[in-house]
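The numbers here are math on the coordinates, done by the rules we state, and not lab data. All figures in this text were calculated on a predicted structure; none of them were measured in a lab. Here the Cβ positions follow ideal geometry from the backbone for every residue, glycine too, while neighbour counts run over all protein chains shown.
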Amino acid sequence: MEKENIVVGFDKKGHKVVVINNIMFFGIGSDFPDEFIHSQDTMAVRGPNAKAKANLVQGITHMVQIARKTKEVANLKEKNSKKAKQGWNRYLTRFALPVMNQENVIIYYNVYLATLIVRKNSRRQLYLYDIVHVKKEASIEFML
């Protein structure tokens with residue numbers, strides 16, 4: 001298992017910067033809340049995956065810590081042409097939600113996969129933009 005390397009510092013203008021496993025995140029984009037709630041992916045997700053997406057917000061910090069970069073994509077949409085001048089990065093991550101019995105005791109965890117969409121601005125700074133493709137990983141139930 002790869003050891004996590006987390007460093008918190010400040011850039012030249014005094015903005016907080018988090019570097020996790022050599023990935024430098026400048027934070028959550030100001031457009032994240034609106035995109036997370038109103039994106040095409042959010043509107044399309046249903047059932048247990050919708051509930052999982054609604055609950056994952058509590059663990060964003062940890063999801064970023066374990067995320068692994070999967071792809072870089074050029075910006076193709078006009079609406080993001082100013083904020084994502086250097087394109088997008090996609091990161092695969094996992095999170096788990098507890099399943100409880102009638103006595104409110106956790107009996108196991110359902111594990112979900114998700115993709116973090118991170119935009120790169122003109123200075124190549126990374127900002128979390130959305131979390132998409134939330135799906136239960138059917139082969140894994142984490143037992144206590």
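At-a-glance table
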read-out	value
Gain upon complete extension [R46, D34; 0.36 nm per residue less C-alpha separation]	2.5 nm
Fully extended contour minus Cα-Cα distance, from H133 to R90, at 0.36 nm per residue	14.4 nm
Stretchable slack from N55 to E78, in nm (0.36 nm times residue separation minus alpha-carbon distance)	5.2 nm
Amide H within-cut-off set for N75, under 5 Å, with H built and near neighbours excluded	G87, W88
In nm, spacing of pseudo-spin labels at V99 and H62 (7 Å Cα→C-beta vector)	1.8 nm
